[in-house]
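The values are calculated or read from the model by the stated rules, or taken from the named source; none is laboratory data. This is a predicted model, so every value here is computed, not measured. Cβ placement follows ideal geometry from the backbone for every residue including glycine, while neighbour counts extend to all protein chains displayed. Just the protein is used for accessible areas: all its heavy atoms, side chains included, with ligands, DNA and RNA removed. Shrake-Rupley method; radii C 1.70, N 1.55, O 1.52, S 1.80 Å.
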Amino acid sequence: MPPVLVLIGSPGAGKSTVGRRVAESLGVAFTDSDALIESAAGMSVSDIFVTAGEEEFRRLEVEAVARALADEGGVVALGGGAILSADTRARLAGERVVWLKVSLSDAASRVGMNTARPLLLGNVRGTLSVLLEKRNPLYEEVATDTVDTSGRSQREVVADVMTVINGG
């Protein structure tokens with residue numbers, strides 16, 4: 001069964017938090033692609049990056065996203081870099097994909113010094129700036145809808161996503 005909704009966006013956009021709340025509101029399952037990767041690999045995303053490298057993580061990510069889109073249903077949140085894969089972008093065609101868009105300053109303050117995000121270690125703001133510049137066009141390419149999360153409460157963002165789902 002295909003997902004009801006797929007959430008995409010950069011680190012700090014609120015995909016997991018908003019996704020869980022939207023899934024609860026809809027009475028459906030919530031799936032986070034990073035959790036699927038961790039389960040399949042038997043280690044955290046950070047450990048995968050350290051022990052196997054980003055290339056192996058991205059390979060696992062493409063597989064996890066393909067499984068989630070084919071099997072999970074409900075609300076699926078993709079890791080921030082999942083859209084880097086052309087295969088993943090192609091799989092998103094025909095899905096309802098909501099881009100949770102976030103400003104650099106909001107993303108940086110939400111992510112902070114979170115060591116669970118291996119690509120953001122060190123200069124968080126500088127790294128996020130480069131990621132956003134590279135990824136925003138890809139998010140825009142695959143998104144069927146966009147909800148801006150910058151300077152907004154979780155409740156407001158969830159309400160906007162629910163409006164999108166309900167055809168508003």
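Can you tell me which of V4, V22 is open to solvent by 40 Å² or more (accessible area, probe 1.4 Å), in contact (Cβ under 8 Å) with a residue 60 or more places away in the chain and touching a strand residue (DSSP E or B) at 6+ places or on another chain (Cβ under 7 Å)? Result: V4 is the single residue among V4, V22 that is open to solvent by 40 Å² or more (accessible area, probe 1.4 Å), in contact (Cβ under 8 Å) with a residue 60 or more places away in the chain and touching a strand residue (DSSP E or B) at 6+ places or on another chain (Cβ under 7 Å).
Anything in the stretch 32-42 that is touching a helix residue (DSSP H, G or I) at 6+ places or on another chain (Cβ under 7 Å) and open to solvent by 10 Å² or more (accessible area, probe 1.4 Å)? List them, or say none.
Looking only at the stretch 32-42, we keep the residues that are touching a helix residue (DSSP H, G or I) at 6+ places or on another chain (Cβ under 7 Å), and these are 32-34, 36-38, 40-41.
Hits for the stretch 32-42 are D32, D34, L36, E38, A40, A41.
In the condition set (1) open to solvent by less than 60 Å² (accessible area, probe 1.4 Å); (2) modelled with pLDDT under 90, T115 is compliant with all but (1). V28 meets the conditions (1) open to solvent by less than 10 Å² (accessible area, probe 1.4 Å); (2) of a type in the set (V, I, T); (3) assigned to a loop (DSSP other than H, G, I, E, B) in every case but one. The failed one is (1). Please enumerate the residues belonging to the stretch 147-168 that are part of a helix (DSSP H, G or I), open to solvent by 40 Å² or more (accessible area, probe 1.4 Å) and either touching a residue at least 60 places away in the same chain (Cβ under 8 Å) or hydroxyl-bearing (S, T, Y) (or both). Selection gives Q154, T163.
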